[in-house]
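None of the figures in this text is laboratory data; all of them are computed from the coordinates on show. Please read all numbers here as calculations on a predicted model, not as lab measurements. Because the Cβ atoms are built from the backbone with ideal geometry, glycine has one as well, and the counts that use them run over all protein chains shown.
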Amino acid sequence: MMKPVDSTVRAGKSGGAVTIETVADILERETLPLIEAWLVRVEKESDLTHVPLNHDERTGHLPHLINDVIKRLRLDAGTKAPISKAAAEHGDLRCKQGYTVAMMVEESRLLQVSIFTILHQNVTQLEFSALLPDVVTIADEVDAQLKEQMLRFMAAEKAERAKSK
């Protein structure tokens, strides 16, 4: 079951009204800036950029992973989260592209940093009562996605080694 979308209004510092949004709403609204902020961080990491990829090859998986985070945030408390199909596909893809496990862990870490930075940039619109539980949910979901990526990555690597023999 999904949580209802709930936004309210409160007074801002200048006295004007500020619409209060859920973390999921902010991530949904800020998906494209989030992806670009993530890419800027990735491009500063020489160990990630030594695998030459174009914009779509490097970022094409992110809308799906972010959407899975948003879906997870909207689940009712206690609902078991589904395994991310997008994460599994990403693990296969990165193996084919020549990534290492360490590179994938770094990409995942940068995704969390980028998500939390976007939330910080939108702090005046955040629904504070749900912020900490949602941060925990985000970290748990991104880590669960990384686990699924690693499982598929290692399976793809093993299959490649078996094919080489």
Show me the helices (runs of 4 or more DSSP H) entirely contained within segment 23-131 in which 1 or more residues are surrounded by fewer than 13 Cβ atoms within 10 Å (Cβ to Cβ) and either out of contact with any Leu (no Cβ under 7 Å at 6 or more places or on another chain) or in contact (Cβ under 8 Å) with a residue 40 or more places away in the chain (or both). 31-43, 46-49, 55-59, 85-97, 101-121
Restricting attention to segment 136-149, does a residue exist that is surrounded by fewer than 17 Cβ atoms within 10 Å (Cβ to Cβ) and farther than 21 Å from Pro63 by Cβ? yes
Can you pull out every residue in segment 67-79 that is more than 18 Å from the chain's Cα centre (by Cα) and not polar (S, T, N, Q)? Asp76, Ala77, Gly78
Going through Arg152, Arg94 one at a time, which residue ends up being among the basic types (Lys, Arg) and farther than 18 Å from Leu39 by Cβ? Arg152
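Yes or no, residue by residue, for (1) of a type outside the set (A, V, I, L, M); (2) under 14 Å from Leu146 (Cβ atoms); (3) in contact with a Pro (Cβ under 7 Å, 6 or more places away or on another chain):
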{"site": "Glu28", "(1), (2), (3)": "yes, no, no"}
{"site": "Asp47", "(1), (2), (3)": "yes, no, no"}
{"site": "Asn54", "(1), (2), (3)": "yes, no, no"}
{"site": "Leu73", "(1), (2), (3)": "no, no, no"}
{"site": "Ala87", "(1), (2), (3)": "no, yes, no"}
{"site": "Met104", "(1), (2), (3)": "no, yes, no"}
{"site": "Glu107", "(1), (2), (3)": "yes, yes, no"}
{"site": "Pro133", "(1), (2), (3)": "yes, no, no"}
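The rows are residues; the columns are (1) in contact with a helix residue (DSSP H, G or I) (Cβ under 9 Å, 6 or more places away or on another chain); (2) within 30 Å of Gly98 (Cα to Cα); (3) among the small types (Gly, Ala, Ser).
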{"site": "Ile118", "(1), (2), (3)": "yes, yes, no"}
{"site": "Gln121", "(1), (2), (3)": "yes, no, no"}
{"site": "Leu131", "(1), (2), (3)": "yes, no, no"}
{"site": "Asp143", "(1), (2), (3)": "yes, yes, no"}
{"site": "Gln149", "(1), (2), (3)": "yes, yes, no"}
{"site": "Phe153", "(1), (2), (3)": "yes, yes, no"}
{"site": "Glu157", "(1), (2), (3)": "yes, yes, no"}
{"site": "Lys163", "(1), (2), (3)": "no, yes, no"}
